[in-house]
Structure formats: structure tokens, C-alpha cells
Amino acid sequence: MGGILDAELFGTAIRQATPLILAALGGLLSERVGVVNIGLEGKILMGAFAAALGALLSGSLWVGLAAAVVVGLALALIHAVATQELRTDHIVSGVAINLLALGLSTYLFRQLIVPREEAGESSVVPTFGAVSLGGLENLPLLNVLLQDQSWLTLFALALPFVLLALLTRTRWGLRVYAVGNDSQKARMMGVPVKRMRYLGVLLSGALAGLAGAFLVLAATGQFRENMSAGRGFIALAALIFGRWHPLGAAGAALGFGFFEALQMRLQGQPILGVQLPTDLLLMLPYLLTVIALMGLLGRMKPPSDLGN
Amino acid sequence: MGAMLRTRVAPALLGALMVLAVLSALVLAAGKPLGESFQIILQGATGYPRGEAFGPLDAWDAVLHDLTLLVLTGLAVAVALQAGLFNIGAAGQLLVGALAAAWVGTQTGIPTPVHLPLALAAGALAGALWAFPPAWLKVRRGAHEVISTIMFNYIALYLTHWLVTERLKDPSGDAPQTAPIAEVARLPMLHEAFLQASWGLAIAVLVALGLWLALYRTVWGYETRATGANRDAADAAGAPTARRMTEAMLLSGALAGLAGAIEVCGVQYRFFEGFPAEYGFDGIAVALLAGNHPALTLVSAYLMSALRSGAYHLHAETGAPKEIAVVVQAVLILYVAAVYLRKRRIEG
């Protein structure tokens, strides 16, 4: 086992967890104000496509990043208008957004990027490089975990703490709590419920777009069809597993990222003479979430006003 | 009459216009001429206008294949929604149903007359079993069925992938697929020379009609629909709502599993890596468009199959991305949801 569980594995786990943390926290911001968000997957996918296209056309990673956020916001706006103005069922709207993102990103990819590849032009963009750790380089554990990580990963690692502070220590955070628990009462207390919901859903779209941007601008350097590959749903699982708490969700995302890293490491590599099926490792986040839903790990209580 | 025009006819016409507008925009953005493209889409969907190498029979082959699957997955989603449950798990239930049917179909020693029925029943049973945990979690633990069915989709994906690459793989080859199922376990064609559609289509249509009767002409159906309309009220009226929800979910899973079994026994004759589970998701659009009515599901499944076949034909003829159909489907879901499925709720 010594050769398997090394520091590099944990570094990979953090990298794999980055888009999961970003999307899970995005989902948290939406669900905490009562809007169910199963459209994270689609927003990650469209964000990844926009990041690739923006970076390719402009030659700038920052333009790609901005494009991903804008596209995430646009899809979130559809969700917000559909659920808040048109009173559409949250699940149906989320399903439609996932489908829209899958269809549109593949369509646009074939129209705009594949022809470039066929003409012999590269569709690979450079990626954000590793952030220099400065003084932290001498710390024994951190230096291994955090070396070779992009700023997006460091941002994702810091975000849960920032969110926790904002949610518990600011007026906005208390209002979020009020809206998520009983929107009627919150409204009577003078909280602008609709505006809070718009803000939560839009922030969620921006973070999911950022998660998509990470896949292209930090992880792989290029867009591939359906490259979100279920990460939006793993993020949703992390959110539930982490009980709608910023640190819980981020922690669960890190755990799920670890399974992915372990799975990548174990590909074709037997442990103690036994070939562990990687499919079963990939299944673990979903299985664990089901176990959590069974109530075996304590009561899973979503924000009471979710979905209304 | 005026109200009917305003609430029913106008939204439907507007929806059709919007679909045409989105379709036109996507065709134009793909750089294809509009009139010619619509002709090709129409040809792919219906066979007319006839092409040199493409006639109505070719169109019907594609349409009837999708129709069979979409009727069943559409019914699966619809019956659960009638009881107030959103089964997003039809894709996973379809996968386990398909693999179970393929497993039974490849067994030897099963008496010939029962081999096919057993394979289909195994598919339905596997689908129902796969839907049971989400149903149980919902009824007993209050866990949202959408979340648990999504989780079970992925568990099904990885489980069937593991089984078909490790355990049930055809030993005579390297490809990640099962051995072909026995000849006697295959669904015969409706008409040998004429239509490339199996008896699976007839089964799907019969199931739709049976479900129509069950939901609208029996006490069970009445209680199920009452549960979906307002669970508290149905509880108060003495309907066994937890039971009806569980049954609807199991039935839903069984229908999705049957869809997978029919695809194996009637079309593919084996299970393989990358089995088309997305029909399970397409069932959502079919059910929503039909307002969850089993008879209307036949109509909406046909429209969706024609759209898919048309878009695929356009892709084959001109190279325009076939995802045009996916985008149109997404817009259609949003439109139907926004116009017909608004929550009736008074809020300031």
C-alpha cells in the first residue's frame, strides 16, 4: 500500500475535488435560499465550453474565465426566471437546463471548435500555472498538498471558510437562513425574498461556471463533449452529504475527489494481488450519499422551504 | 369556446411556433439552407418527400425504434408523476433492465417457450428493484426521490459497466459486451419483410392502453392520482398514499426496465458498454408533453421520435450536429413547464 497512498495522491485528490467544491458551494447558495438546483451539471458543462471558446478566440485565459462565469450566470438566470417568475417546477427547469447545456455545448463545439481542429489548428489552450507558495514552502504537509496547484484550487479551498463567515456573520447570511427556512415569515419580516433568491441562484451559476472553467483552464486545456461527466451530480451529492453546510459540503467534495484520485491511481494496478474494480470506486460517492439519505449517518435535513 | 382557444389552442400553437423558430435558428447557425434542411428533416421523420435512397420505410424504421423506447420510458416517468413522484432514474432502471434481460437471454437450459417472456420479465423486475430503494427512501425517510434516483442512475451506470467488462463479458471476444442472446429469446419482427420493428412496439402500445385504463378507470388509479394531486388531502380521505406512491415508483421502474429489455431482445440482441440509457431522460420530455396521460404519451412519444429521426437524418445528409434535437427538446420542456405546469400558489 505504501506506493499508493503518497502525497502526490492527495495532491491529485485536491485537484479532482476543486470543481466539485466550487459547484457544491454554488448548489449550497441556491438551495439555502430555497431553490433546488439540479442544473449544476449543465452549468459546469456550458462553463467549460465557454472557457475553451473564450480562451481560444481571445488568446487570454482571463477572457475564457469571464466567459465561463457569464454563461453560468445566463443559465442561472433562466432557472431563476423560470422558478421565480413563471413558477415552473424547480426539478423540471433543472432537467431542461442540463439538457439544453448538453445539446448546445455539443452543437457549438462541433460548429466552432471541431472545424478548427480539422483545419489543423490547435484547440488546446494553455492552463493557469501553479501558484508559488512563497513562505509556505517550508511547511511539511502543506507544501506537498498545495504544490503544483492553480489559484482556482486555492480559491476553492478558501471559499468554504469565506462562505461560512458570510453566512453566519453578516446580515445577508442571516437573511439567507430566514428565506431558506420559511420564506413566508421572512417576507413578513421585510426580507426581499425574491431578490435573495435571484442572488443565490445567480451566484450558484457563477460558481458552477467557474467549476467548468477549471476543467478547461486548469485541468486539461481543452473542451471535450460532455466533459462535465456527472460532476454536477457528485457536487449535489457532496452538498447533501455535507448537510448543506459550507465546510461539510467542501469536506465531502474533497472526500469524493479522493475516490476519483484513488481510482485513477488504481487503474490496472493490483493491491496485495487483488485487482480492485475501479467502477466500484467511482460508484462510492453515490453509494455513500444513498447511505446518508437512509439516515444512517444522522438526519439529513434540507432547508425546510426548499422547492417552493 | 373562447376560453378553450385561449388556454389550450393558443399555447399549443405558440409552442409549435417556438419549436420551429428554435429549429430554424439552429439550422441557420449550422450554415445550412433553411428550406432544404426542413425538407430533409421532414424526410427523416416521415419519409416524404421521397429521396433516391430514402423512403418512408427507412424513416419508419428509425421512428418506430425510438417510439418503442420513448413510449415505455415516457410512461415510466408519467406513472410516477401521476403519484407525485419525479423519477429521474429511468435511465438507470433501463440499464439494469437491459442487462438483466441480456443475462437471462444468454442462459442455456431455459425451456424455449418461456425464454423470451422470462428475459422480458427479468428486465421489468430488475427495473422495479432498482426503483425500490428511492421509493422506500421517499416514503419512509422523506428523502427526495429526485436526488436518490440520480444517485441510483450513476450506481447503475458503474455497476452495469463493471458487470459487462468483468463478469458477464462475452468470453469469445475482447469487446465489453455480453454474448448474443439465444435466438428463442428474441422478439420477432411485426412483419418480416416490411417494417423493421419488433413486437416490442406492440407491447409498448398495449402497456400504454392498459395504464390508461388502470389510472382512469380503477379505484387504484383514482387513489394514485389523488395522491399525486394532493397527498395530504388523499391521506385525509383515507387513501393509502404511501402504498400508492411505492407501487407507482415500482411500476415506473418496471416500465423503464422493460424498455431496456425490449431494446435487448428486439433490437441489439446483447448488452454492451455504452448502452443507450439516454432514452430514460428523453422519457421526461415525453411525459411532460403528454401531461402524464398514458394515451397522449403515444402521441408525444411519436412527435419526439419524429424530431429525433428528422434531426438524425439531417445530420447524416448534411453533417449538421444531431444535437439540434436535444436543444429543441430542452426548449420544449422549459416551454411546457412554464405554460402548463405552473404552481398554483398565491404569493405576494
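Below, the figures for the structure above:
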{"read-out": "Counted residues, the range B:21-39 - those being assigned to a helix (DSSP H, G or I) and out of contact with any Phe, Trp or Tyr (no Cβ under 9 Å at 6 or more places or on another chain)", "value": "10"}
{"read-out": "Residue within the range B:125-146 that is more than 14 Å from chain A (Cβ to nearest Cβ), assigned to a helix (DSSP H, G or I), of a type outside the set (A, V, I, L, M) and in contact with a helix residue (DSSP H, G or I) (Cβ under 6 Å, 6 or more places away or on another chain) present", "value": "yes"}
{"read-out": "Any chance residue B:33 is farther than 22 Å from residue B:303 by Cβ, of a type outside the set (S, T, N, Q) and out of contact with any Leu (no Cβ under 6 Å at 6 or more places or on another chain)", "value": "yes"}
{"read-out": "Residue in the range B:127-137 that is touching a His at 6+ places or on another chain (Cβ under 8 Å) and crowded, with 20+ Cβ neighbours inside 10 Å present", "value": "no"}
{"read-out": "Filtered residues of the range A:172-191 (kept if more than 14 Å from every other protein chain (Cβ to nearest Cβ) and open to solvent by less than 70 Å² (accessible area, probe 1.4 Å))", "value": "A:172, A:173, A:175, A:176, A:178, A:180, A:181"}
{"read-out": "Enumeration of residues in the range B:9-23 that are more than 14 Å from chain A (Cβ to nearest Cβ) and small (Gly, Ala, Ser)", "value": "B:10, B:12, B:16, B:21"}
{"read-out": "Wholly within the range A:140-242, helices (runs of 4 or more DSSP H) carrying at least 1 residues that are touching an Asp or Glu at 6+ places or on another chain (Cβ under 9 Å) and within 28 Å of residue B:150 (Cα to Cα)", "value": "A:171-181, A:183-188, A:193-214, A:231-241"}
{"read-out": "Residue tally, condition surrounded by fewer than 24 Cβ atoms within 10 Å (Cβ to Cβ) and either among the aliphatic types (A, V, I, L, M) or at positive phi (or both), over the range A:42-66", "value": "6"}
{"read-out": "Every residue from the range B:42-62 that is of a type in the set (A, V, I, L, M, F, W, C), open to solvent by 30 Å² or more (accessible area, probe 1.4 Å) and more than 17 Å from residue B:189 (Cβ to Cβ)", "value": "B:42, B:53, B:54"}
{"read-out": "Pairs where the first residue, in the range A:254-269, is on the phi < 0 side of the Ramachandran plot and the second is modelled with pLDDT of 85 or more and charged (D, E, K, R), C-beta under 8 Å, 6+ apart", "value": "A:257/A:15; A:261/A:15"}
{"read-out": "Residues satisfying the stated conditions in the range A:77-100, i.e. more than 8 Å from chain B (Cβ to nearest Cβ) and hydrophobic (A, V, I, L, M, F, W, C)", "value": "A:77, A:80, A:81"}
{"read-out": "Selection status of residue A:39, open to solvent by less than 10 Å² (accessible area, probe 1.4 Å), touching a residue at least 12 places away in the same chain (Cβ under 8 Å), more than 11 Å from residue A:211 (Cβ to Cβ) and within 17 Å of the chain's Cα centre (by Cα)", "value": "yes"}
{"read-out": "Residue that is farthest from the other protein chains (Cβ to nearest Cβ) [pool: residues in the range A:101-148 that are within 29 Å of residue B:308 (Cα to Cα) and open to solvent by less than 20 Å² (accessible area, probe 1.4 Å)]", "value": "A:113"}
{"read-out": "Conditions (1) part of a helix (DSSP H, G or I); (2) open to solvent by 60 Å² or more (accessible area, probe 1.4 Å): number failed by residue B:174", "value": "(1)"}
{"read-out": "Meets criteria (within 14 Å of another protein chain (Cβ to nearest Cβ), in contact (Cβ under 8 Å) with a residue 60 or more places away in the chain and part of a helix (DSSP H, G or I)) for residue B:335", "value": "yes"}
{"read-out": "Restricting the range B:214-224 to residues that are free of Cβ contacts under 8 Å to residues at least 24 places away in the same chain and among the β-branched types (Val, Ile, Thr), the residue that is least open to solvent (accessible area, probe 1.4 Å)", "value": "B:218"}
{"read-out": "Extreme residue, modelled with the highest pLDDT, among residues of the range A:293-308 that are assigned to a loop (DSSP other than H, G, I, E, B) and small (Gly, Ala, Ser)", "value": "A:304"}
{"read-out": "Helices (runs of 4 or more DSSP H) within the range B:239-322 that include 1 or more residues within 14 Å of another protein chain (Cβ to nearest Cβ), open to solvent by 30 Å² or more (accessible area, probe 1.4 Å) and under 30 Å from residue B:168 (Cα atoms)", "value": "B:279-289"}
{"read-out": "Every residue from the range A:156-171 that is open to solvent by 40 Å² or more (accessible area, probe 1.4 Å) and touching a residue at least 24 places away in the same chain (Cβ under 8 Å)", "value": "A:157, A:161, A:164"}
{"read-out": "Filter result (within 19 Å of residue A:280 (Cβ to Cβ) and more than 14 Å from the chain's Cα centre (by Cα)) within the range A:220-254", "value": "A:241"}
{"read-out": "The one condition in (1) more than 10 Å from every other protein chain (Cβ to nearest Cβ); (2) of a type in the set (A, V, I, L, M); (3) not in a helix (DSSP H, G or I) that residue B:184 fails to fulfil", "value": "(3)"}
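Listed here are the residues, each with its yes/no results for (1) touching a Cys at 6+ places or on another chain (Cβ under 6 Å); (2) closer than 30 Å to residue A:37 by Cβ; (3) at pLDDT 95 or above.
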site: B:102; (1), (2), (3): no, no, yes
site: B:121; (1), (2), (3): no, no, yes
site: B:127; (1), (2), (3): no, yes, yes
site: B:130; (1), (2), (3): no, yes, yes
site: B:133; (1), (2), (3): no, yes, yes
site: B:141; (1), (2), (3): no, yes, no
site: B:147; (1), (2), (3): no, yes, no
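Okay, residues lined up against (1) within 12 Å of chain B (Cβ to nearest Cβ); (2) under 30 Å from residue A:57 (Cα atoms); (3) surrounded by fewer than 24 Cβ atoms within 10 Å (Cβ to Cβ); (4) aliphatic (A, V, I, L, M):
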| residue | (1), (2), (3), (4) |
| --- | --- |
| A:200 | no, no, no, no |
| A:208 | no, yes, no, yes |
| A:217 | no, yes, no, yes |
| A:232 | yes, yes, no, no |
| A:245 | no, no, yes, no |
| A:252 | no, no, no, yes |
| A:256 | yes, no, no, no |
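Results for (1) aromatic (Phe, Trp, Tyr); (2) without any contact (Cβ under 8 Å) to a residue 40 or more places away in the chain; (3) touching a helix residue (DSSP H, G or I) at 6+ places or on another chain (Cβ under 6 Å), shown as yes or no for each residue.
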position	(1), (2), (3)
B:226	no, yes, yes
B:243	no, yes, no
B:266	no, no, yes
B:284	no, no, yes
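The values are calculated or read from the model by the stated rules, or taken from the named source; none is laboratory data. No experiment lies behind these values; they were computed from the predicted model shown. Reconstructed Cβ throughout: ideal geometry from the backbone, glycine too, with neighbour counts over all protein chains shown. Side chains included, ligands, DNA and RNA excluded: accessible areas come from the protein's heavy atoms. Shrake-Rupley method; radii C 1.70, N 1.55, O 1.52, S 1.80 Å.
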